[in-house]
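The next block holds one structure in the form of structure tokens; read it before the comments.
Coordinate-derived values only; no laboratory data. Everything numeric in this text was worked out from a predicted model, so none of it was measured. Here the Cβ positions follow ideal geometry from the backbone for every residue, glycine too, while neighbour counts run over all protein chains shown.
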Amino acid sequence: MANITDLSLSQIKKELDGNKLSGKEVVLAFKQAYEADQAHKTPLNGYIEFFDDAEKLAEASDARRKNNEARGLEGLPLAIKDNILIQGKIATCGSSILKDFRAPYSSTVVERLKNQGIIPVGRTNMDEFGMGSSCEYSIYGPTRNPMDRNKTPGGSSGGSASVVAGKQAPAALGTETGGSVRLPAAFCGIYGLKPSYGTLSRYGVVAYGSSLDQIGILSRDPDDMALLLEHGVGTDPHDETSAALDFSGVYPLKPKNPKGLKIALPEEFMGEGIDEVIKNKVTAFASWFEKQGATVESIKLPILKSTVAIYYIIAPAEASSNLTRYDGIRYGFRDEKASSLEDLYIKSRSQGFGDEVKRRIFIGNYVLSSGYYDAYYKKAMQVRSILKQEIAKVYENYDLILSPTSPCLPFNLGAKLDDPLAMYLTDICTTFVNLAQIPSLSVPCGTSEEGLPIGIQLIGKQFSEINLLSIAKTWHQEEGLKQ
Amino acid sequence: MIDDKTLEMVLYLSRLEVSDQQKLNFKNQIGDILNYFDLLKNYDTSDVNPDLGTEVSEQDLRPDQIQKGFSDDDVKSFAIHFEEGHFQVPRILEDFLDNREEE
């Protein structure tokens, strides 16, 4: 058998269910991988904390299995991004303002997965409050890319991507607002799923942009995503936007042959501003689809060039409202030296938030303020309407949209820290998916000559994530496993 | 580029303070970002309804039943200062009290 840490979540499930491995052996293997990496001269820094109680939970899980009480996800380890609440655990969002915050309840998705036997093994590093594309804006320092430690793993769920690609966890939960699962997945050479808005409850996920936020999954095999989705979906009375979906029986995925599919390839993502190496990979991926009997057609969708502008108005506007709750009164950081209530708000927030969070709160309040609201916020919401209509029109004629996940290869740590607009433009290929609230899967499609991973998105209609995963499974079995 | 008055106003709305160097960075960086947003001026939106992001088509009403909330111990586990069922905050009537003392 391969090393435990090389196994995907579904392979581990098979070994556990066949009593060939114990849950404790599995948790220990990943813990040892994490500890070994900590001794590296430049550790990945994907985990903020590997949980002390993971081994005990694994022992309890093994006992349950012995008593024939194993549940659907019994004993499977999962890393969790540090903005998804796990009852009793610290959840910082990579921010000083929540440095000591201990979650009083679990998010609905974590609760559902735990009830099916998942063992949360650790919490992963992230850009502060999810605001960043490189996993460098964190009080815990930058996370590194396992494929090249001088490069960023992408962000904001960079910790989750790094621990999965670095074989310190078989799979991880991340969150997306504008590409924060798919970009790190692409940079680290793994799968990254942004489900449709509403597929997974947002209850217990620290809010950033509420009309865009969604829990996502990072793994090395599409089947792992189906396994977690099967047990994670369903309406939640705590989140009115959660959809009434039933994914029972989707795992294991039935591979879907792309024969007969009509696929749109927007030319806006195949021209200027996109790295040639990435364009070549997209062309090769499109050829694979054609060989399978699908039709791939280039389409014009000029609005895609404007989606970063729409996104960076709407997301900061929603963030500026969501982050008013950090006022130093009830929880989080408080400046004890403040001389008045207003001083307390200002001092606590100013010391608690990092520069990028302050920048986005500022932009949000600017675009919402009197005199600027119509020109920016209202305008962005109107153009978002147009975007949704244009995407819907594409799906009248096509089954899928194909696009690069990132316009560039993983970049050096520090390269874009002083140029926020350049950092924002890293999201050019991903934000339209969140604005349109549709699902997208970033598929690892090989590397550049110097070994840097490249991801390509399969983007579907709302609630078609299982279809995307089933198509990806065919690709994974025929091509992905050869890489 | 945004002017100093607007910068100060929005910082106050945000309940944030930043150093003079950061103010300068903000003016330049946010100026660039606002210029980039001008892309959206190319769209005629006179007849377009804003997309609010979430559409809850009908209100999902729950039965009016008492549910378990946090115990005091739960709240103490995450609160900054919590005593006898209350979040404690600094004295906020200082101006009022100081004036009274002077009288």
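Taking 7 Å steps out from each Cα toward its Cβ at A:Q292 and A:E49 produces label points 4.2 nm apart. Between B:Q65 and A:Q351, the simple spin-label model (points 7 angstrom out along Cα→Cβ) gives 4.5 nm. From most to least packed by mean Cβ count within 10 Å, the peptides A:172-182, A:383-393 give A:172-182, A:383-393.
Please average, across the residues of B:76-83, the number of beta carbons from any other chain that are within 10 Å of each residue's own beta carbon, and give a whole number. Could you put the intermediate results ahead of the total?
Values: counts 1, 6, 11, 5, 11, 4, 2, 0.
Taking all residues of B:76-83 together, the mean is 5.
Each stretch of four or more DSSP H residues adds -39500 (n - 2.57); spread over every residue of chain A, this sum gives -11000 deg cm²/dmol at 222 nm.
Could you work out the relative contact order of chain A? I mean the mean sequence separation of Cα pairs under 8 Å and 6+ apart, divided by the number of residues, in percent. Contact order relative to length: 17 percent.
Look at the stretch A:341-350: the mean tally of other chain Cβ atoms within 10 Å of its residues' Cβ atoms is 4. For A:K281, the aspartates and glutamates whose Cα comes closer than 18 Å to its Cα, not counting residues fewer than 8 places off in the same chain, are A:E267, A:E268, A:E272, A:E290, A:E297, A:E449, A:E450, A:E478, A:E479. Less than 5 angstrom separates the built amide H of A:I90 from those of A:A103, all sequence-distant by 5 or more or on a different chain. Pairs over the 27 Å Cα-Cα cut-off, from the set A:K279/A:K461; A:K194/A:K262; A:K14/A:K461: A:K14/A:K461.
Considering every alpha-carbon pair of the stretch A:17-82, the percent of pairs per 5 Å bin, from zero through the bin containing the longest distance, is 3, 16, 26, 20, 15, 10, 6, 3, 1.
Counted by Cβ distance under 13 Å from A:S156, the other residues give a net charge of -4, where Lys and Arg count +1 and Asp and Glu count -1.
Just add up the charged neighbours of A:R144: K/R +1, D/E -1, any other residue whose Cβ is under 12 Å from the Cβ of A:R144. Summing Lys and Arg as +1 and Asp and Glu as -1 gives 0. When only Cα pairs below 8 angstrom with a gap of at least 6 residues are kept, the stretch A:121-268 shows a relative contact order of 17 percent. Spacing of the modelled spin labels on A:R64 and A:D17, each 7 Å from Cα toward Cβ, amounts to 1.6 nm. Listed by chain and number, the aspartates and glutamates whose C-alpha is less than 15 Å from the C-alpha of B:K76, apart from same-chain residues fewer than 8 away, are A:D100, B:E84.
The stretch between A:Q38 and A:Q483, if pulled fully straight at 0.36 nm per residue, gains 157.5 nm over its current Cα-Cα span. Measuring between their Cα centroids, the stretch A:211-268 and the stretch A:384-447 lie 17 Å from each other. Counting 0.36 nm for each residue step from A:N150 to A:N3 and taking away their Cα separation leaves a gain of 50.3 nm. Legend: residue pairs A:K305/A:K473; A:K388/A:K416; A:K259/A:K393, Cα-Cα distance threshold 24 Å; pairs beyond threshold, A:K305/A:K473; A:K388/A:K416.
Please report, ordered by residue number, every helix of chain A (full DSSP H runs) that is 24 Å or longer along its axis going by C-alpha atoms and whose mean Kyte-Doolittle hydropathy reaches -1.0. Qualifying helices, which must be both long enough and hydrophobic enough, are A:379-397. Taking other Cβ atoms within 10 Å as a rough exposure proxy, A:D17, A:D148 sort from fewest to most as A:D17, A:D148.
For chain A, the equivalent ellipsoid derived from the alpha-carbon gyration tensor has semi-axes of 31, 30, 21 Å in decreasing order. Potential lengthening of the chain between A:S339 and A:Q389 amounts to 12.8 nm, from the contour at 0.36 nm per residue minus the alpha-carbon distance.
Among residues other than A:L323 with Cβ under 15 Å from its Cβ, the summed charge is 0 (Lys and Arg +1, Asp and Glu -1).
So who's got an amide H within less than 5 Å of the one on A:N145, skipping anything under 5 residues away but keeping other chains? H placed 1.01 Å off N, in plane. It is A:K151, by chain and number.
What share of the DSSP beta bridges in the protein assembly as shown is antiparallel, in percent to the nearest 5?
70 percent
Mean partner shielding of peptide A:357-363, defined as the number of other chain Cβ atoms within 10 Å of each residue Cβ, is 6.
What shape does the stretch A:41-136 have by the C-alpha gyration tensor, where a ≥ b ≥ c are the square roots of the eigenvalues, rounded means a/c under 1.5, and otherwise prolate means a/b greater than b/c and oblate the rest? Verdict is prolate for the stretch A:41-136. Neighbour counts of C-beta atoms inside 10 Å place B:D74, A:D127 in the sequence B:D74, A:D127, starting with the fewest.
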